[in-house]
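Data block below; observations after.
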Amino acid sequence: MLDAKIPDGLLSEKWSNYKSKIPLVSPANKQKQTVIIIGTGLAGASAASSMAEMGYNVKSFCFQDSPRRAHSIAAQGGINAAKNYQNDGDSVYRLFYDTIKGGDYRSREANVYRLAEVSGNIIDQCVAQGVPFAREYGGTLDNRSFGGVQVSRTFYAKGQTGQQLLLGAYSALSRQIEKGKVQMFTKHEMVDIVLVDGHAKGIIARNLITGELEKHASNAVVLATGGYGNVYYLSTNAMGSNATAAWKAYKKGAMFSNPCFAQIHPTCIPVSGDYQSKLTLMSESLRNDGRIWVSKKKGDARTPDEIPESERDYYLERRYPAFGNLVPRDIASRAAKERCDAGYGAGSTGQSVYLDFADAIDQQGKDVVRTKYGNLFEMYNKITGEDPYNNPMRIYPAVHYTMGGLWVDYNLMTTVPGLFAIGECNFSDHGANRLGASALMQGLADGYFVLPYTIGTYLSNQINDEPMSSSDPAFEKTKQSVKTSIDKLLNNKGNKSVESLHKSLGEIMWNNCGMSRNKENLKTALDDVGALKNTFWSDVKVPGRENEINLELEKAGRVADFIELGELMIRDALVREESCGAHFREEHQTNEGEALRDDENFNFVSAWESQGDLKEPKLQKEKLEFETVTPTQRSYK
Amino acid sequence: MNTINITLKVWRQRATGSKGAFETYEMENINSHMSFLELLDVLNERLIKDDKDPIAFEHDCREGICGSCAMSINGEAHGPVKATTACQLHMFNFKDGDTITAEPWRAESFPILKDLVTDRSSFDRIIQAGGYISVNTGSAPDGNAIPIAQDIAQHAFDAAACIGCGACVSTCKNSSANLFVSAKIAQFSSLPQGEPEQRKRVLKMVHQMDEEGFGHCTNTGACEATCPKEISTGYIEEMNREYIKASLK
């Protein structure tokens, strides 16, 4: 059993008591220490700026051409915080409880409570940075509601909340770059972690413009590299979003937790053809006013305006009267799949459902609806050529977020000493299903208010050591192994493009390890992914050279890692013989088709430990202790 | 399903400083729901199959928000559709038989790295020069402590909507970065939080903009017309006002 190092004491006092006891690093010693942070999204940029403000030297890396382009920028709907500005009974406890319940009781109480506790500080910090949140006429901050909750605690900036929060963190980071406290490396991809005596002491990064492999040494390494939704090929993630940093960490001994917990977001624009490169999300906030329905008639070929009210099935309102269209994402997605699989889907493919704003426009007027969702309606119109003011949108679920990730303890440290993981790339806060507007909250909580303190538990023990230097032989050795795999990719000269292999992986994963899973399919998929891995290494074709901009080479490395991670996701889904949150095993459901948890046997976090490339990974467990809430069957009826 | 045939002319350039030229590709049976970048994906798959070098281009979110994609299509930054990034430009905006050209941003401060990829780090350095409010983590007052009128918050938001793609610079005949810089300055100058550093900010950011070699603004308004986020040139007036105020102090 893994030890999460959760502090003793009352849940509500754990963090404040612990925080005041974390060993400090003196200002003089902070100046001697260097921390490498990979990724400049909400978690990475906020951690880098905060730690630089505290006095540490930070080396920050991103693969994009600017830190402002990290994928957090695409988050639309909002960020949760337990401010209770709306006087609707919200509290830290309620945000904590909603998150634990929303995650189907597969997350750690202490981490989630801490997250809820610091959520208010995030809003304060962002406002002070000049983030232009939506406001009421009186000048106070506005809120809206999101899925899975009955209060309005979501702060937002139109449909561009992620962009505005990221630009806030980016501006704080830019300030530290100007001061020389952060050294910024754009167009650099971390290609491996360097361990010295079992501790993370630096990285090998590839300069994506010159192709040079660089050695960077540090006292600790922080991964803020996001999720692995692109294992599925089609997802709402950015094209460059990848799992390579997390996967290299796994191969170097960091355990990987709950890999099978992947969130499928219910409201995305449906697939239109086989050239499709990515999927576009329509913010969950749309479910505040949009009503989801399909025809009551199977295979109904009529256009939506030809289907009279009495022949429409508002299936979420029917099945979940208490939460209606605002049920959590996993439930909304499965319900859409269920209707479509049963033959009631809309559109020529039958693989979509309607999201209808006619009632909202009637009740509130077109102008109000435009103020709330104007940019989302425009986006829908640009992509589909259809006008959602006059016709209902058509939507279908798509892969969006991964709750699984590197296992971390309460300090956010992985099982490799000195290696930390924050934001989406760790597993810690969302259990088996994340609630809407909580990803931004977690990224910024980890980066601004948690890691900068908890990393002290490790760095305070490093003050007597000589500054780490990249002249240590471990750096050259790691660099050579990276070089070998790059050479292998470039010299393979097979027949299959990286893209085509990635697509094959996506198909296997979506069909067998997506919204609905069963033992038989998972077993077949495990064999299929194994075979795909062989095909990749025997037949991949990577054009171009090493010492230039080579986008195919970048993709090839990432897809090789996605294939291995896909294999682990399937293994994890096979072992977890229960349904919880986003993980729905067909063998385990209630009579009404809802997820059926098995708390007796699966009340744990899975943590997979690599045994090298030739052996199967070993499953370790962290038992979940519920001291405050009592796990029950989630009900949104 | 509607399909079209297209002649595509793409700027190919090995590296900074090497000689570039347009290359022509015939694209047949293109699904009109495909995006322009997906058209480049399809072409790249073909080039790889034919042992040719695929086209390098920047792209990431493909949702029009990250600001990565940057190319002129038929001579217009991000192509012919108003308020749309290249990644959200779909082929139903073109006709069967059209010839479409794609080339990188053209500006001295954005050197070409390869094909359609340019180096836009000059934008980051302008932000580093002062595009922030100095507030350390943990030192912020309660979010509702400073009420901000809805219209002012909206004004700041509209300025902050800039995605930093560089279309304004590429379109400007003088390669001016005034729209980009003024939007950031206006976002902060309209908010009470930005006030204390306002003078220093405008002087430093404008100075850095000049250092990077961006040209002068001659008020043609081409930048606003091409901006995928429709950032208003009104912010340039605000910046000029702030700059004069700051210079006279």
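Details
- 222 nm mean residue ellipticity, helices alone, for chain B (DSSP H n ≥ 4; -39,500 (n - 2.57); rounded to 500): -10000 deg cm²/dmol
- In sequence order, region A:467-484 has phi-based couplings of x, 5, 10, 6, 7, 4, x, 4, 5, 5, 5, 5, 4, 5, 5, 5, 4, 4 Hz under the Karplus curve 6.51 cos²θ - 1.76 cosθ + 1.60, θ = phi - 60°, and Gly or Pro positions carry x.
- Compactness of region B:3-103 - radius of gyration and Dmax, Cα, Å: 13.1, 38
- Helix A:498-512 vs. chain A, principal-axis angle (Cα, 0 to 90°, nearest 10): 50
- Taken residue by residue and averaged, Cβ atoms of other chains lying within 10 Å of the Cβ of B:108-115 number 2.
- Relative contact order for region A:115-270, counting Cα pairs under 8 Å that sit 6 or more residues apart, in percent: 12
- Reported to the nearest whole Å, the Cα centre-to-centre distance from region A:205-219 to region B:60-95 is 32.
- Between A:D88 and B:A145, the modelled labels are 2.7 nm apart [label points 7 Å from Cα along Cα→Cβ].
- Note that region A:492-602 shows a convex hull volume over its alpha carbon atoms of 102 Å³ per residue.
- Rounded to the nearest 20 debye, dipole of chain B from Cβ charges on Lys, Arg, Asp, Glu: 700
- Counting DSSP beta bridges with both ends in chain A, the antiparallel % (nearest 5): 70
- Remark: A:L565, A:L444 ranked as A:L565, A:L444, counting other beta-carbon atoms within 10 Å and listing the fewest first.
- Distance from the Cα centroid of region A:528-591 to that of region A:94-162 is 33 Å (rounded to whole angstrom).
- Temperature 10 °C, viscosity 1.306 mPa s: under these conditions the Stokes-Einstein estimate for region A:201-305, based on its Kirkwood radius over C-alpha pairs, is 88 µm² per second.
- Here the contact order of region A:229-382, divided by its residue count and restricted to Cα pairs under 8 Å and six or more residues apart, works out to 23 percent.
- Assigned charges on the beta-carbon of Lys, Arg, Asp, Glu; the protein assembly as shown dipole about Cα centre (debye): 1220
- Within 10 Å of each Cβ in A:152-165, the average number of Cβ atoms from other chains: 2
- Based on alpha-carbon atoms, the Kirkwood radius and the radius of gyration of the protein assembly as shown give Rg/Rh equal to 0.94.
- ³J(HN,Hα) computed for each position of region B:151-157 - Karplus, 6.51 cos²θ - 1.76 cosθ + 1.60, integer Hz, glycine/proline x: 5, 6, 4, 5, 4, 5, 4
- Burial ranking of peptide ranges A:348-357, B:140-149, A:143-152 (average Cβ count within 10 Å, highest at the top): A:143-152, A:348-357, B:140-149
- Using the rule -39500 (n - 2.57) for each DSSP H run of four or more residues, divided by the residues of chain A, the 222 nm mean residue ellipticity is -11000 deg cm²/dmol.
- Counted by Cβ distance under 12 Å from A:N433, the other residues give a net charge of +3, where Lys and Arg count +1 and Asp and Glu count -1.
- Here region A:492-602 is treated with +1 on each Lys and Arg Cβ and -1 on each Asp and Glu Cβ, and its dipole about the Cα centre works out to around 600 debye.
- For residues of A:270-277, the mean tally of beta carbons on other chains within 10 Å: 5
- When the charge dipole of region B:3-103 is built from unit charges on Cβ atoms (+1 for Lys and Arg, -1 for Asp and Glu) and taken about the Cα centre, the candidate among B:N44, B:C87, B:A15 whose Cα reaches farthest toward its positive end is B:A15.
- Where the Cα pairs of region A:448-520 fall when distances are cut into 10 Å bins, in %: 13, 18, 20, 26, 21, 2
- Each residue of region B:60-66 is assigned a 3J(HN,Hα), and the resulting list reads 8, 6, 6, 10, x, 10, 7 Hz, derived from the Karplus form 6.51 cos²θ - 1.76 cosθ + 1.60 (θ = phi - 60°), x at Gly and Pro.
- Cβ-Cβ distance of A:V271 and A:E586, R₀ of 25 Å, FRET efficiency by 1/(1 + (r/R0)^6): the value works out to about 0.60.
- On Cα atoms only, tilt of A:92-102 relative to the major axis of chain A in degrees: 80
- Per-residue Cβ neighbour rank within 10 angstrom, fewest leading, A:K187, A:K483: A:K483, A:K187
- Neighbour count of at most 10 Cβ within 10 Å plus DSSP loop: longest GluC sites (Glu not before Pro)-free window in chain A: A:1-591
- When A:V368, B:V135, A:V450 are arranged by Cβ crowding within 10 Å, least crowded first, meaning fewest neighbours, the order is A:V368, B:V135, A:V450.
- Entries of A:K372/B:K249; A:K21/A:K483; A:K248/A:K623; A:K181/A:K479; A:K59/B:K9; A:K59/A:K496 with Cα pairs more than 32 Å apart: A:K372/B:K249; A:K21/A:K483; A:K59/B:K9; A:K59/A:K496
- Based on alpha carbons, the Rg and Dmax found for region B:121-248 are 14.5, 45 Å.
- For A:V194, the residues whose modelled amide H falls within less than 5 Å of its own, excluding neighbours fewer than 5 places apart on the same chain, are A:K201, A:G202, A:I203, A:I204.
- Options B:A149, B:F188, B:G166, ranked by Cα towards positive dipole end of region B:86-212, top entry (Cβ charges): B:F188
- Cα-Cα pairs of region A:339-460 separated by more than 23 Å (percent): 55
- Hull-based mean projected area of region A:102-185, where the convex hull spans the alpha carbons, in square nanometres: 8.1
- With Cα atoms, 0 to 90° folded angle of helix B:198-211 axis to chain B main axis: 40
- Here's the picture: charge each Lys and Arg Cβ at +1 and each Asp and Glu Cβ at -1 in the protein assembly as shown, and of B:C69, A:M509, B:M239 the one pushed furthest to the positive end of that dipole is B:M239.
FYI, it's all coordinate maths here, none of it is from the lab. Quantities reported herein were computed from a predicted structural model and do not represent experimental measurements. Neighbour counts run over all protein chains shown; Cβ positions are idealised from the backbone, glycine included.
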